[in-house]
Structures are given as structure tokens and as C-alpha cells.
């Protein structure tokens, strides 16, 4: 630990100076020797550091989302060059460079906090040993040693012996109860932060090993902090618990206001936005307009949540515009929505149903053809006039009692036409030598 302390000694003096400045403010309110004055000084130090780290946090969010989006491509590269590790690394670096993704960006907030964490640990350790450090002189050192948080000194740890705790004017039971509660809260806040990230703010449509790694970290990190926490002084536990609570609140804000595309959080956000548009008839706020604008610009690449949002707008009679606003429209078409509404494809029928429908259609068509042919034949027979010579021959044969009168060729052709239904109109008589 001496090596680590010497490595971070360059920041020990600034950290101790910030704590002393906050202690002057809170000491004037609660008293200079109280645990509230020193405890709130540590909490204020955390808040100040985390405010300065907000740009890195934003960069971390972008990097994490880019890594999630690149997982399918990374997996394809690993499968393609699984026998050539060097080529695999080169293709990975090329992919990172093309997309502007830095894998280390997701660790920047933790790495940036590390110097402050170890500097505070070094300051509290010196206070426990009765040594001055940084700008903390002897009078401030005596004041810090007298400060207790719920009966536990700032410099006490869970593993301290009864003699060490007694030297700080406290009881071993109170120290272990306070430190145990803080360790549990610290681990629980870490677990909840990672869990809400995995359950609400992850694109569920992409199944990659990255998600499994994050799920493992959700259980491993709290255990690591719990094991390490028993060696942390109470003041460091206050620091780490405060930063975990800050991270949890910051993550909740990001999930509610800027969720990952394709996640459950995005679906909930778009549904809230849909209700807001329905209530006010417009998109209120520049950030919300930018969200709608970005979704419109995606076109056909929208995910299921975004398509559901545009379908809800269309149902309410609104059409999204490229500038992020909406207009009232009685007949909202797919073009007005920028292709948000997809045409529903008809359900595919089974082979048996298709054959039955075809047979039914063929039967109906045949019935119609027969009916048309019959009507045409009857009309031709009734309208056609027999030749005058043929009528006289038939009358003469009937009077003499000879063979039955043969139907005229015109009528024979019409009858055959009515029966067969093949041709309309009068047919040409067949040659006498042809067989019937």
C-alpha cells in the first residue's frame, strides 16, 4: 500500500485541501469535531469529482452502445479469422477505427476516480495512525480522530482489533455494525445499478457474448466490493457508497431520458412521448424533437419500438416530420410518416386450402360458361328462320307417312351448339360422307 500511496501522492494534497475547505463550511453549521462535518465533507468531495467526470460518463455511454452494436461484426471477424490471431486483431482495430469506438472508454470514469480514491484512502489511513498528511495539520488531525459516524470513527475498519478501536474512542460492536451496513449498501447499490442496465437498457434483439459478460459482472462486482470493503476505513466506505448511489441515480436518469435503441427503456420512453404528443398535439422540448427527428431519419432501419411509436402516432391522427415535429392529418399515409407504417402481408394459406379454392373457382367458371352457351343456343334456335323449301318438304313427308322428318341442318347445328357449348352462332353443315 505504501507503493500505491507514494504513486498517488501527487494528488493527496489537492484532495486533503478540498476536504478541509468543505469541513470549514460544514464545521460552522454542525461543529468542527462532529461526524456530520467530516462525513459531509467526504460526500461533497464525491459530488464534486462526479460532476467533473460527467463528460467522461457521456463518452462511456456512447462507447458502451457502440460496443453493443459492433458485437455481431466482431463475432463474424472472430469466426472468419479464428486460426489467425494477428489478422483477427488487425481487423478488430480496423473496425474500431472505422466506427470511432474506443473499447477503453467504458472504463474511463472508474479509471479517472482511482487517483482520488487512493488519495482519500491514504489521507484516512494517516488520520488513523495519527500522522499529518497534505494540508491537514495537527489540529485538524485531532478533530478528524474525534469525528464519529453513528458511533464509528472515520479511520476505523471492520478488521480492526478491539484495542485499535478503543484508541479511537469507540466500541468494536458499533464499528462492525456500521461498516457491515455500509458494505451491504455499497454492494447492493452496485448490483442494482448493473441490473437495471442489463434488464432495461440493453438491445434485446442482439444476442452477443458481450451481454453474457455484463451479466457475469453484475454478480462479480458486488462480491469484489464486499470482500474489499472489510479493509476500507469508514470514511472510504462513505466515499464509495456515495459514488455508487450517484452512479445509480445517474444511470436511472440516462435510462429514462436517453435509453438504448431497441431496449425496454426505449419502448417505455416512446410510449410516454406518444401520450405527451396526444395530450398537447405537438412535440414539446428540443431534446424530444431531436429524438423524433433521429427516428424519422432512420427510414426502414427503425426497430420494433420505433415502428410501434409511429403506428401510434398514425392511429392518433399525427404524422411525424423530418424536423422532429408532428402535424395533424386525417388520412395519414405511409409516405407522410416517412415509411413508418409497413404494409401487412397476407397470411400464407396451406396447400390444401389453395387447392380447394382453385377447384371451387374452376367449378364456378365452368357453370357460368355452360349457362352462357345454353342461353346463346336457345336464342339462336328461336331467332333463326327455317328455309321455306325445307318447311314444305317436312310437311309433305308428314302427310305421306314416310320417315320422320329430319331436323333442318340449321336446327341441327344450333342443337349441337347448345349441347356442346363450344361455339356461338350458326355452324357450317358437315359433309354427307362424314360420320356423326
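The modelled label-to-label distance between residue 199 and residue 48, using points 7 Å beyond Cα along the C-beta direction, is 3.7 nm. In whole angstrom, note down how far apart the Cα centers of segment 278-292 and segment 222-246 are. First find each Cα centre; the distance between them is then 41 Å. Spin-label model, residue 316 to residue 245: label points 7 Å out along the Cα-to-beta-carbon direction sit 3.7 nm apart. So how far, in whole Å, is the C-alpha centre of segment 94-166 from the one of segment 7-49? Here the two parts' Cα centres lie 12 Å apart. Here the gap between residue 286 and residue 162, fully extended at 0.36 nm per residue and compared with their Cα-Cα distance, gives a gain of 38.7 nm. Subtracting the Cα-Cα distance of residue 329 and residue 139 from 0.36 nm times their residue separation leaves 61.0 nm of extension gain. Kirkwood radius for segment 2-257, taken over all pairs of different Cα atoms as the inverse mean of 1/r, rounds to 20.3 Å.
Taking square-rooted eigenvalues a ≥ b ≥ c of the alpha carbon gyration tensor, is segment 9-93 rounded, prolate or oblate, where a/c under 1.5 means rounded and, failing that, a/b exceeding b/c means prolate? Prolate, because a/c is 1.5 or more and a/b exceeds b/c.
Considering only alpha-carbon pairs that sit under 8 angstrom and 6 or more positions apart, the relative contact order computed for segment 275-328 is 43 percent. Stretching the chain fully between residue 353 and residue 216 yields a gain of 44.3 nm (0.36 nm per residue, less the alpha carbon separation).
For segment 2-257, averaging the sequence separation of C-alpha pairs within contact (under 8 Å, six or more residues apart) and dividing by the residue count gives a relative contact order of 24 percent. Take the Cα of residue 257, step 7 Å toward its Cβ, do the same at residue 227, and the gap between the two points is 3.8 nm.
Taken together, the values in this text are just the output of simple stated rules run on the coordinates, not laboratory data. From a predicted model like this one, the values you see are computed outputs, not experimental measurements. In this analysis, Cβ positions are derived from the backbone assuming ideal geometry, glycine residues included, and neighbour counts consider all displayed protein chains.
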